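**Q** Structure below; questions to follow.
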Amino acid sequence: MKNNKRNEELRDKTLLVINTGSIKKKFVLQRLRKLGLRIIMLNKEKNWAAPLVDEWIFADTTNHDESLRAITAFITANPEMKPDGAITFWEDDVLLTSKIVDKFDFIGIPFRIAKKARNKYLFREFCAANGIVAPRHKLVRSVRDIRLAMEAFKFPMVIKPAYGASSAYVIKVENKEEIMDSFEYMRKNMSANTESSLSDGLDILVEEYIDGDEVDVDILLQNGKVKFYSISDNYKTKEPFFVETGQSIPSSLPVKSQQDLIALAEETLEKMGVQNGCVHFEAKSTKYGPVPIEVNLRMGGDEVYSFIKGAWDVDLIENASKIACGIYIDKIDRPEVPKKYITGQYFLSDQSGVLVTSDVNEKIKKKAYLEELHVYKQIGDALLVPPEGYEYLGWLTVSGDNLLDSQDNLREALKYISYSVVKFDTTSALGKTSRKNRFSSAVLNKDILMRRAKLEHIRQFSPDNMQNLHIGVLGNPKSELYESGSDHLFPGKNIEKVLLKRGYKVTYFDVGDMPRVISELKSSDVDLVLNMCNQVDNDVAVRAQAAGVLDVLQVPYTGSSPLTLSLCMDKIKVKKLLNYHNIPTPKWDYAYTMEDEIRNDLKYPLIVKPGDTDNSIGITNESVVTNKEQLERQVRRIIVEMGRPALIEEYIEGDEYDVCILGSDENDFQVLPLSRSIFKNMPEGYWHIYTQESKLMESELKKNIQIQRPAKNINKKLESLITEIALDTYAILDCLDYGRIEIRVDKDNNPYVLELNPNPSLEPKSCMTEVAKLIHMNYGDLIEEIINTAIQRYKEEAPLLVQSVTHER
């Protein structure tokens, strides 16, 4: 009954939570919901937390003024929902929370106090001024400051951000060369983009290294009184980057050492003026006594909550919420012996790489000693460890009847878990580097690795989970005007709309600003890009370059390669290839200058086209010529006026067929029903061709062209011949995922290939879209088929050449 009454105290209270944090914090919000709290979330946008949040206040939490204004506006508009308190579980927002506490008179830690704790340099200064033992330290902003620190302090030293969380950019240095290299690396690469907690500042601190046993002291403090404390031991970190490896609770330090640690924590918090809150106090127990490392004015991260709940049956989330809401909590008497002895370990890699295998034997979940098991990375994800990044794969905690028992159980539990990580290797795209120092090429390696991880993620992806993909759409609305006057002007935007409706996460990239697109693609987590880029600012050459950018960034994408896209723009080279492979095509010749001679065995009428454009650009009714004078005039128009090479072909009188193909390999080619264009109703004096004008929606000429989909009254032999010629052309030109081949058939049923259109229009009324409907493949189905085809193609590419960092059973 007492427990139920205790839980009822928070029911119907309103708590303002600052920042959802990453999905790793989901357990926090789940617990708050179970406690009956109404949650108002201050966050930049809605995210994974939406089902757990009652109301949202949208603001960039790195912009404190914007956040305070947004909260004020919300409370003014909704006075009945004014919060009873404010809290954060995210280190990045400790300072913002303290400002909120000040402005709205909530219970918590004032800003004047929080800034001393949040800034490690100010905390060291505070300790020195208040008689609290602390290592000698110095704020460094220049190489000169580093030299002064080396004159004043002894090696080893530690260089770290004044702001920051966990062990990000915290580095142990043993000599002059290492401290100089570390300082330069941090100064050039530290940013809020790489470590969000650095949004409060980029100052750098140097201090003498403290040798000793590192511990965490977790404290509940109300009205200046310690209501509960717990000490846990940290296993030895992996230096020089202080990578945390694991913890155990309760502490196994001597009783006297533990008493000294809690006394130090109480003294420090009292002198700082911390009266209320859940505090994560980090310290070292040395042979000279305890030394504070830092004070985190929020609940400890990751496994801290479950450690304390499991060992002492104390709920830090519940009690921290009560303190924030002004609900009195009794002092919690801690028993001599914990309910359980708990130990945990992080899943780490020795080097940055791509996770290629991850296996958790389900038998582990039946083990009585299992407390928690979390795996945050999926196969194909990048895992960045120092100096490239500060990540781990997940963590595991187990319990036992005593410390040795829990450690034995941990060793057994690890046998049920295996994973392997691709690391940098000279024979792979990841590129192993011969480093002059620990930071050489770290940024480059990280960039390469993140890009390579995208490819590996697609290779590992299951088509059954396609809607979990984050799809990018690369296009440019300004150039997506295929049919002026149509309701469907922007195929890229239409695709974005249909994929969003089907549950995909979609990001549109406008190539009208290519430098910005490159930057966005580099930082984006898109899994696959639908390359809808056909031209930018009327320049069709960018079509191939856009695919080239995706290749350079190693972002998986749909459609043909830059080579095929650029080759098919060069109709002269395509003609040469077709002739070489004995693919029937109209007799032809070409000219780059007016001095070039045209072969005299070509029979009139002839058609003169630009040799490097598509979509009938430059083709008019006058492009078909019947004598030498007309021929010369049209060649001059193309070469001199348009500045392009001229392609001259024998005119083929007959119907035109479009053959749309899906697939990237002969084993999975899918030929869609044929589309047929019949020109017999063209006005007198007009040749039976597609001109640039006749492709416009409002053109009267377009109405005179009869389209049959599927083609009717065509004998099976001719249909097979057209199909086989189209497939050969598609394969010879190495078209990928989807394409359209244009074929003319003369009066004697002889087919002639005109051109291949890789990445043809996917506008909702396009040829490919319309013929797909004939086999009951609607617009969304067609897009998904192209996505699936691209995924299968990437799966079949050669895998990474790897050296693996492996944890095996």
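The values are calculated or read from the model by the stated rules, or taken from the named source; none is laboratory data. Because the structure is a prediction, the values reported are computed rather than measured. With ideal geometry, Cβ positions are generated from the backbone for all residues, glycine too; neighbour counts draw on all protein chains shown. Remember, those area values only see protein heavy atoms, side chains included, never the ligands or the DNA or RNA. Shrake-Rupley method; radii C 1.70, N 1.55, O 1.52, S 1.80 Å.
**Q** For the pairs LYS99/LYS522; LYS309/LYS366; LYS46/LYS522, note any where the Cα-Cα span goes beyond 30 Å.
**A** Among LYS99/LYS522; LYS309/LYS366; LYS46/LYS522, the Cα-Cα distance tops 30 Å for LYS99/LYS522.
**Q** Compute the Cα gyration tensor for segment 1-90, then decide on rounded, prolate or oblate, letting a ≥ b ≥ c be the square roots of its eigenvalues: rounded whenever a/c is under 1.5, prolate when a/b is larger than b/c in the other cases, and oblate in all that remain.
**A** Oblate, because a/c is 1.5 or more while a/b does not exceed b/c.
**Q** Carbon and sulfur atoms: what percent of the 1.4 Å accessible area of the chain do they account for?
**A** Looking at the chain in its full context, I get 47 percent from C and S.
**Q** If you don't mind, another one. Suppose all protein chains stay in the model; what accessible area per residue would a 1.4 Å probe give for the chain, in Å²?
**A** 45
**Q** Where in segment 592-629 are there trypsin sites (Lys or Arg not before Pro) that are in a DSSP coil and have at most 11 other Cβ atoms within 10 angstrom of their Cβ?
**A** ARG599, LYS603
**Q** Which order do peptides 732-743, 372-383 fall in by mean Cβ count within 10 Å, highest first?
**A** Sorting 732-743, 372-383 by mean packing, highest first, produces 732-743, 372-383.
**Q** Rounded to whole Å and ordered largest first, report the semi-axes of the equivalent ellipsoid of segment 50-112 derived from its Cα gyration tensor (root of 5λ).
**A** Rounded to whole Å, the semi-axes are 18, 14, 12.
**Q** A further question follows. Sort 36-49, 581-594 by the packing proxy (mean of other Cβ within 10 Å over each peptide's residues), most packed first.
**A** In decreasing order of mean packing, 36-49, 581-594 become 36-49, 581-594.
**Q** For segment 53-177, take the alpha-carbon Rg, divide it by the Kirkwood Rh, and send me Rg/Rh.
**A** Here the Rg-to-Rh quotient is 1.11.
**Q** What full-extension length gain, to one decimal in nm, is calculated for ASP525 and TYR328 as 0.36 nm per residue of separation minus the Cα-Cα distance?
**A** Difference between extended and current length: 66.4 nm.
**Q** Which lysines, on any chain, are close to LYS575 with Cα under 30 Å apart, when same-chain ones fewer than 8 places away are left out?
**A** LYS587, LYS603, LYS609, LYS628, LYS680, LYS695, LYS702, LYS712, LYS716, LYS717, LYS747, LYS765
**Q** Taking only the alpha carbons of segment 713-778, what extent do you get along each of the three principal axes, in Å, biggest first?
**A** Extents along the principal axes: 34, 29, 15 Å.
**Q** Let me ask you something else. To the nearest 0.05, what FRET efficiency results for ASN704 and LYS505 with a Förster distance of 45 Å applied to their C-beta separation?
**A** 0.50
**Q** Can you compute log10 of I(q)/I(0) for segment 260-312 with the Debye formula, treating each Cα as one identical point scatterer, at q = 0.22, 0.27 Å⁻¹?
**A** -0.92, -1.12
**Q** When the expected Rg is taken as 2.2 N^0.38 Å, what fraction or multiple of it is the alpha-carbon Rg of segment 626-751?
**A** Taking the Cα Rg and dividing by 2.2 N^0.38 Å, one obtains 1.22.
**Q** Can you give the FRET efficiency for LYS366 and SER418, using 1/(1 + (r/R0)^6), R0 = 22 Å, r = Cβ-Cβ distance, to the nearest 0.05?
**A** It comes out at approximately 0.75.
**Q** Between (i) 30.1, 112; (ii) 31.4, 98; (iii) 34.0, 108, which entry matches Rg and Dmax of the Cα atoms in Å as derived from the coordinates of this structure?
**A** Label of the calculated value: (iii).
**Q** For ARG11, tell me the accessible area in Å² from a 1.4 Å probe, rounded to the nearest 10.
**A** 100
**Q** Over the Cα atoms of segment 302-381, how large are the radius of gyration and the largest Cα-Cα distance (Dmax), in Å?
**A** For segment 302-381, the Cα-based Rg and Dmax read 17.6, 50 Å.
**Q** Alpha carbon centre of segment 300-333 versus segment 1-70: separation in Å?
**A** Here the two parts' Cα centres lie 16 Å apart.
**Q** Further, regarding this structure: Per the Debye formula with a single identical scatterer at each Cα and no solvent contribution, what log10 I(q)/I(0) holds for segment 579-698 at q = 0.22 Å⁻¹?
**A** -1.33
**Q** Roughly what % of DSSP beta bridges within the chain run antiparallel, to the nearest 5?
**A** 80
**Q** Related question: Stretched out fully, how many nm does the piece from LYS238 to ASN750 gain, at 0.36 nm a residue minus the Cα gap?
**A** 177.0 nm
**Q** Under the rule of -39500 (n - 2.57) per DSSP H run of 4 or more residues, summed and divided by the residues of the chain, what mean residue ellipticity at 222 nm is obtained, to the nearest 500 deg cm²/dmol?
**A** -9500 deg cm²/dmol
**Q** Separate question: At what distance in nm do the modelled label points of GLU45 and ALA129 sit from each other, each positioned 7 Å from its Cα along Cα→Cβ?
**A** That separation, rounded to one decimal, is 4.1 nm.
**Q** Need one word for segment 582-638: rounded, prolate or oblate. Basis is the Cα gyration tensor (sqrt eigenvalues a ≥ b ≥ c); a/c below 1.5 gives rounded, then a/b vs b/c decides.
**A** Note, shape of segment 582-638 comes out rounded.
**Q** One-quarter of the Cα convex hull surface for segment 104-244, in nm²?
**A** So the Cα hull casts an average projection of 10.1 nm².
**Q** Still on this model: Provide ASP350, ASP510 ordered by accessible surface of protein heavy atoms (probe 1.4 Å), highest first.
**A** Order by accessible area, largest first: ASP350, ASP510.
**Q** I would also like to ask the following. Convert each backbone phi in segment 145-150 into a coupling constant with the Karplus relation 6.51 cos²θ - 1.76 cosθ + 1.60 (shift: θ = phi - 60°), then list the ³J(HN,Hα) values in order as whole Hz, x for Gly and Pro.
**A** 4, 4, 4, 5, 5, 5
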